[in-house]
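Novice: Below you will find the structure I want to go over with you.
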Amino acid sequence: MTNPLNPRYDHKEVEQRQWTFWEQGSWFHADENSRKEPYTIIMPPPNVTARLHMGHGLNNTLQDMLIRWKRMQGYNAMWLPGTDHAGIATQMMVEKSLESEGLTRKELGREEFFARCVTWKEENGGLITSQLRRLGCSCDWEREVYTMDEKLSRAVRSVFVKLFRDGYIYRGERLVNWDPKLGTALSDDEVESIETKGSIWHFKYPVENSQTEFVEIATTRPETMFGDTAVAIHPEDERYKHLKGKQVILPFTERRIPIVFDDYVKPEFGSGCVKITPAHDPNDFALGKRHNLPLINIMNEDASLNELVPEEFRGLDRFEARKLVLKKLKEQDLFVEEKKHIHTQPISERSKVLIEPRLSKQWFVGMKELVKPALECVRSGELSFYPENLKKTYFHWLENIQDWCISRQLWWGHRIPIWYCSDCPEVTTGEEDPTQCSHCGSKKITQDEDVLDTWFSSWLWPISPFGWPEETKDLEKFFPSQVLITGSEIIFLWVARMVILSHYTKGKTPFKDVYFNSVICDKLGRKFSKTLGNGIDPLEVIATHGADAVRYTCLSLAPLGGRVKMDPSDFDHGSRFVTKIWNAARFLHSHLESLDENLKDFDDSKLDLPSKWLLNELHDTTKAINDSLTHYRMNEAVELLYNFIWKTFCDWSLETTKDELTNPSSKERKEEILSILVYVFDNMMRLASPLLPFVTEELWQSLPHHPRLDRPESLVIAAFPDAKKLLSFKKESLEWTFVQKLVSGIRSLRSQAGVPPKEKVQAFVKTGKENHKLLQTSISSITKLSNLSHLHFAEEVERPKKSLMGAGLGFTVYVPVSQYLDFEKEKLRLESEKKRIEQIVKGLHSKVSNKDFMARAPEEVVIQTKEQLENMESQLKEISENLSSL
RNA sequence: AGGGGUGUAGCUCAGUUGGUUAGAGCGCUACGUUGACAUCGUAGAGGUCCCCAGUUCGAAUCUGGGCACUCCUACCA
């Protein structure tokens, strides 16, 4: 029989095969009728336009690790996948493709354009979800949803109508972030701030009834002057107090505008006088409200100047108008100076053009009231954040919440279900499209042209996929979910709003915990971004290193919150780990080959020390991993797993049993060793399955069934190890640790003397009687592991001539190394060791002799410290004696 | 300007509620292996836990101040 495993792990082949196997088994599908306790995660839906990036990689691996862990623990685990229709992003994609046909969306018309968007999604929208599958995401793919699905759209419609009828939705004239290129309002979150070098221009407005007096104002946007309705000055500014009650004349127009006093103005900035343009600046808007100033909107939708400006400026683009204004000011001798000025400008995230604050009619959701339960559930601890400090950010935003502008002047999205009546001023809404005005009955009604902000469908994500407003079984079972895993950048945009909406519709908090994953940066600490081109493509790394390696590296690097610096070479670490596991399994198989019958169970009462130690380590690690995962300390769980597999299992256990497996004392003994190793390995595969699902499934399938363990069809539904059901040998484990320390001590002496590894040496161990039995039973292990010819041990041992000495916890060991001994080197070594221990002893001594310490420190700490001191002192004594004898 | 975070080995970072001789991976050094391991193992070098002060019997950990970096929010007429 040959080894069933290839010399090398072929991740590509295995991933494909195992994925198909899982899909056929349908193990990721959760039954809504199951009696098992549900455990739900709702996936933050990626944009349909998205392609998998490392942020998705990290975010989804985190979710997958949790859901797989819970599934193996026997929960009715359901991870809901889906995509978001991404209003602006999709519309832009489709417009781009129209552009190549020489078409615009307006030429195409609304309906046709909408149809194109639908087609686009059908053709390209599946990409991201297939990429998530390649990563191994064990979502309930049969439940996959899309925010434009009929079911979800109905939920959008329902909640809009409900909010409208409850009086939360209103139409208002507000300043919005206007994207002149896309011709739509944007939310604050769709606006980027970019620092730019610009200018600030100073010029003069003449004061009325005076030939000589002017106020000097400063602005970065001279073209907005036609919308000015006041000039503002700080009330305490001595320079201008005499201007109280006066008006100034707006150049190029006949308009007189008042001088108002408001402490919003900073006297030290510019000239201390500010032109006020309420219709085109948020601060001015607020100030205008305080002083009852009129609003003059001077711009068209494309940011060209409209008919309210003097004729020569009409129709000019804002930047053209700026030039002309400056030119004319100079001609009229009103221009003072131009200064260089660095300021941050709002740029549209999508179209990259300068945002223009613009007065327009938009639909809003009044948030002040809705927010209350969302604040309360976090305050009360019903909803927890990981890391906790993000609560502060959350509170700050909710406590200062602004009403939410939900209308977008786009065609792709959920159209606002509002109908205007041409015969009366009222509007009509409803779950179904109305045919007549609900107030006057007129049939002349037209629907609002706008669509809803994409986030208006996103905030329904905890309930809409399950059929809300219907009271479905799914909704009952899978809402609320357990944990939301997402990035902290959308804490307001999405997280807070879902909490708000779930309380509004269902009166419940939509999840128990929110885990905020880290932001991925390059080695220089810069965020991965398309423009910088510094990202790492997860699909490329999956192709070269395998999905498991990608998953391992992502999670091992990523602590809670914060940032993680990632370099392509980090993924080598992941592959190495996978390869190590693969090879350990190959090693087991090479010995299992000779086994001609089924694996027998091992006898608990006949276990030797190293086996008990290994089983105890399995117990402790299992407990620790479960504990770490419970507290969302994923990187900690990953590290525990790594250390157990690599250090404990491979470096110690496989090494200690290697010789015996090759030359077993009996067939039974070999079977026993293999039984233990396979048992532990099987458990290891279970522990690792949530993190490394592919390679573990492959190896687990290849192993013989251990009689002590369940053997379902697939590892993904095998029971996750539970420490309570595992053997533990605390005492024996400590004993074996003593042996390990002794072995390390001997190895260290050998190495320092330069004794070739193949050469056998003797070792003389001086240790208390209590350890003798232990050494006696471990004599062969120690001999093998330290390559000894003889091991001597006794309570009193005289130092052999020409030997090196080492001291450890509870023992002193001498290794004669006559031909390698360098007295000077040994002296130096012992002296430095002596110095080091003296320092420790000194520290411990001062502690113990400190009355306050003895009185106030907890008893166990005192005992521990005393023991330590005793031990260190005896080590020191041994070293000193040896030094003097040299 | 306000808020959050970070500062631990050459690099990337762990270090849970104050008590270990402060850890890991990569890199580095020496030796060994190439019969589980395009390797792996063994042994090692390397730290003022940013600085200052305080609380405490005891501080990498808590408090205050400073320095440096970073993210978020707002504003910049």
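The values are calculated or read from the model by the stated rules, or taken from the named source; none is laboratory data. These numbers were taken from a predicted model, which means no experiment stands behind them. Positions of Cβ are backbone-derived with ideal geometry, glycine not excepted, and every protein chain shown enters the neighbour counts. When the accessible area is computed, the model is the full protein with side chains, heavy atoms only, and any ligands, DNA or RNA have been set aside. Shrake-Rupley method; radii C 1.70, N 1.55, O 1.52, S 1.80 Å.
Novice: Which order do the peptides A:314-320, A:708-714 come out in when sorted by mean C-beta neighbours inside 10 angstrom, highest first? Walk me through the numbers on the way to the answer.
Specialist: Values: A:314-320: 15.1, A:708-714: 13.4.
Packing order, densest peptide first, comes out as A:314-320, A:708-714.
Novice: Under Stokes-Einstein, with the Kirkwood radius over Cα pairs standing in for Rh, what whole-number D in µm²/s applies to chain A at 20 °C and 1.002 mPa s?
Specialist: Values: Rh = 33.5 Å.
The estimated diffusion coefficient comes to 64 µm²/s.
Novice: Now for a separate question. With Kirkwood's inverse mean 1/r over C-alpha pairs for Rh, give me the Rg to Rh ratio of region A:119-164, two decimals please.
Specialist: Rounded to two decimals, Rg/Rh equals 1.13.
Novice: Excluding ligands and nucleic acids, what accessible area in Å² is computed for A:Phe114 using a 1.4 Å probe, to the nearest 10?
Specialist: Rounded to the nearest 10, the figure is 70 Å².
Novice: Using a 1.4 angstrom probe on the protein heavy atoms only, could you order A:Lys323, A:Lys647, A:Lys658 from most to least accessible area?
Specialist: Working: A:Lys323 135, A:Lys647 105, A:Lys658 75 Å².
Final ranking, largest accessible area leading: A:Lys323, A:Lys647, A:Lys658.
Novice: Would you mind calculating the gained length between A:Phe823 and A:Asp31 on full extension (0.36 nm times residue separation, minus the Cα-Cα distance), in nm to one decimal? If you can, show how the numbers build up before the last one.
Specialist: Details: separation 792, 0.36 × 792 = 285.12 nm, distance 7.44 nm.
Roughly 277.7 nm would be gained on extension.
Novice: To the nearest 10 degrees, how steeply does helix A:54-72 sit against the main Cα axis of chain A, on a 0 to 90 scale?
Specialist: 60 degrees
Novice: Can you work out the accessible area per residue across region A:480-565, with the rest of the protein chains kept in place, probe 1.4 Å, in square angstrom? Write down the numbers at each step before the final one.
Specialist: On the way: 3060 Å² over 86 residues.
Heavy-atom SASA per residue in region A:480-565 reads 36 Å².
Novice: Could you tell me what percent of the DSSP beta bridges with both partners in chain A are antiparallel, to the nearest 5? Intermediate values should be presented prior to the final figure.
Specialist: Values: 64 of 94 bridges.
Antiparallel bridges: around 70 percent, rounded to the nearest 5.
Novice: Excluding residues on the same chain fewer than 8 positions from A:Lys361, give the lysines whose Cα lies under 25 Å from its Cα.
Specialist: A:Lys106, A:Lys162, A:Lys181, A:Lys275, A:Lys289, A:Lys352, A:Lys443, A:Lys444
Novice: With viscosity set to 1.002 mPa s at 20 °C, what whole-number translational diffusion coefficient in µm²/s follows for region A:44-118 from Stokes-Einstein and a Kirkwood radius over Cα pairs? Before the final figure, lay out each step's value.
Specialist: On the way: Rh = 15.0 Å.
Roughly 143 µm²/s, to the nearest whole number.
Novice: If you don't mind, another one. For region A:686-814, list log₁₀ I(q)/I(0) at each q in 0.09, 0.21, 0.22 Å⁻¹, using the Debye formula over Cα point scatterers of equal strength and ignoring solvent, two decimals each.
Specialist: At q = 0.09, 0.21, 0.22 Å⁻¹ the computed log10 ratios are -0.45, -1.09, -1.19.
Novice: What 222 nm value per residue comes from the helices of chain A, counting each DSSP H run with n ≥ 4 as -39,500 (n - 2.57) and dividing by all residues, nearest 500 deg cm²/dmol? Spell out each step's value before the answer.
Specialist: On the way: 27 runs with 364 residues, N = 886.
Here the helix-only value at 222 nm equals -13000 deg cm²/dmol.
Novice: While we're here: Over 24 Å between Cα atoms, which of A:Lys623/A:Lys866; A:Lys70/A:Lys670; A:Lys204/A:Lys241 qualify?
Specialist: Distance filter (> 24 Å) returns A:Lys623/A:Lys866; A:Lys70/A:Lys670.
Novice: Let me ask another. Would you please classify the overall shape of region A:219-283 from the alpha carbon gyration tensor, given that a ≥ b ≥ c denote the square roots of the eigenvalues, rounded means a/c under 1.5, and beyond that prolate means a/b larger than b/c while oblate covers the rest? Each step should come with its number before you reach the end.
Specialist: Details: a/c = 1.94, a/b = 1.30, b/c = 1.50.
In terms of gyration-tensor shape, oblate.
Novice: Shape call for region A:750-804 from the C-alpha gyration tensor, a ≥ b ≥ c root eigenvalues: rounded (a/c under 1.5), prolate (a/b greater than b/c) or oblate?
Specialist: Values: a/c = 2.78, a/b = 1.36, b/c = 2.05.
Oblate, since a/c reaches 1.5 and b/c is not below a/b.
Novice: What is the Cα radius of gyration of region A:588-654 over 2.2 N^0.38 Å, N being its residue count? Walk me through the intermediate numbers first.
Specialist: On the way: Rg = 14.9 Å, N = 67, 2.2 N^0.38 = 10.9 Å.
Normalised by 2.2 N^0.38 Å, the Cα Rg of region A:588-654 equals 1.37.
Novice: Moving on to the next point. Strictly under 4.7 angstrom between C-beta atoms: which cysteines of chain A have no such partner?
Specialist: Unpaired cysteines in chain A: A:Cys117, A:Cys137, A:Cys139, A:Cys273, A:Cys377, A:Cys405, A:Cys521, A:Cys554, A:Cys650.
Novice: Set the Förster radius R0 to 35 Å, insert the Cβ-Cβ distance between A:Asp722 and A:Glu476 as r into 1/(1 + (r/R0)^6), and round the FRET efficiency to 0.05.
Specialist: Calculated transfer efficiency: 0.75.
Novice: Ranked by accessible surface with a 1.4 Å probe, highest first, in what order do A:Tyr386, A:Tyr264 come?
Specialist: Working: A:Tyr386 60, A:Tyr264 85 Å².
Ranked list, largest accessible area first: A:Tyr264, A:Tyr386.
Novice: Something else now. Using alpha carbons only, how many degrees (0 to 90, rounded to 10) separate the axis of helix A:318-331 from the longest principal axis of chain A?
Specialist: Around 60 degrees separate the two axes.
Novice: Mind giving me the FRET efficiency for A:Thr579 and A:Asp659? R0 is 22 Å, r the Cβ-Cβ distance, nearest 0.05 is fine. Display every interim value, and only then the final one.
Specialist: Numbers: r = 24 Å, r/R0 = 1.09.
E between A:Thr579 and A:Asp659, to the nearest 0.05, is 0.40.
Novice: What share of the DSSP beta bridges in region A:732-860 is antiparallel, in percent to the nearest 5? Intermediate values should be presented prior to the final figure.
Specialist: Numbers: 10 of 16 bridges.
Of the beta bridges lying entirely in region A:732-860, close to 60 percent run antiparallel.
Novice: Here is a further query. Leaving ligands, DNA and RNA out of it, report the carbon-plus-sulfur percent of the accessible area of chain A at a 1.4 Å probe. Show your work: numbers first, answer last.
Specialist: Numbers: 19890 of 40830 Å².
Roughly 49 percent, rounded to a whole number.
Novice: Another question, then. Along the Cα-to-C-beta direction of A:Phe21, a point sits 7 Å from the Cα; which residues of region A:663-700 have their amide N less than 20 Å from that point?
Specialist: Within reach of a label on A:Phe21, which here means backbone N under 20 Å from a point 7 Å along Cα→Cβ, region A:663-700 contributes A:678-700.
Novice: Could you sort the peptides A:331-339, A:872-880, A:551-559 by per-residue average Cβ neighbour count (10 Å cutoff), highest mean leading? Walk me through the intermediate numbers first.
Specialist: Details: A:331-339: 12.9, A:872-880: 17.9, A:551-559: 24.6.
With the highest mean Cβ count within 10 Å placed first, the list reads A:551-559, A:872-880, A:331-339.
Novice: Between A:Leu127 and A:Glu236, what's the calculated FRET efficiency when r is the beta-carbon distance and R0 is 56 Å? Round to 0.05. List each step's numbers first, then the result.
Specialist: Working: r = 61 Å, r/R0 = 1.09.
Working from the Cβ atoms, E equals 0.35.
Novice: Given labels modelled 7 Å from the Cα in the Cβ direction, how far is it in nm from A:Lys784 to A:Arg51?
Specialist: According to this spin-label approximation, the distance is 5.4 nm.
Novice: Mind grabbing the accessible area of A:His29 for me, 1.4 Å probe, Å², rounded to tens?
Specialist: The value for A:His29 is about 70 Å².
Novice: Right, something else. Please determine, in degrees from 0 to 90 and to the nearest 10, the orientation of helix A:497-506 with respect to the longest principal axis defined by the Cα atoms of chain A, where the helix direction is its Cα long axis.
Specialist: 80 degrees
Novice: To continue, here is another question. With no solvent and one equal point scatterer placed on each C-alpha of region A:268-412, evaluate the Debye formula and give log10 I(q)/I(0) for q = 0.15, 0.18 Å⁻¹, two decimals.
Specialist: At q = 0.15, 0.18 Å⁻¹ the computed log10 ratios are -1.06, -1.31.
Novice: For region A:151-192, which GluC sites (Glu not before Pro) are in a loop by DSSP, counting at most 15 other Cβ atoms within 10 Å? Please report the intermediate quantities before stating the final value.
Specialist: Details: sites: A:Glu173, A:Glu190, A:Glu192; in loops: none.
When the GluC sites (Glu not before Pro) of region A:151-192 are filtered for loop state and at most 15 Cβ neighbours within 10 Å, nothing remains.
Novice: To continue, here is another question. Quote to one decimal, in nm, the extra length available between A:Gln447 and A:Glu337 on full extension: 0.36 nm per residue of separation minus the C-alpha distance between them. Intermediate values should be presented prior to the final figure.
Specialist: Values: separation 110, 0.36 × 110 = 39.60 nm, distance 5.02 nm.
The A:Gln447-A:Glu337 span can extend by a further 34.6 nm.
Novice: Ok, one more. Using only the Cα atoms of region A:353-456, build the gyration tensor, take square roots of its eigenvalues as a ≥ b ≥ c, and label the shape rounded, prolate or oblate: rounded if a/c is under 1.5, else prolate if a/b is larger than b/c, else oblate.
Specialist: On the way: a/c = 2.92, a/b = 2.02, b/c = 1.44.
Cα axes put region A:353-456 in the prolate bin.
Novice: Measure off 7 Å from each Cα along the Cα-to-Cβ vector at A:Arg856 and A:Lys106, then give the distance between these two points in nanometres to one decimal.
Specialist: It works out to 7.9 nm between the two label points.
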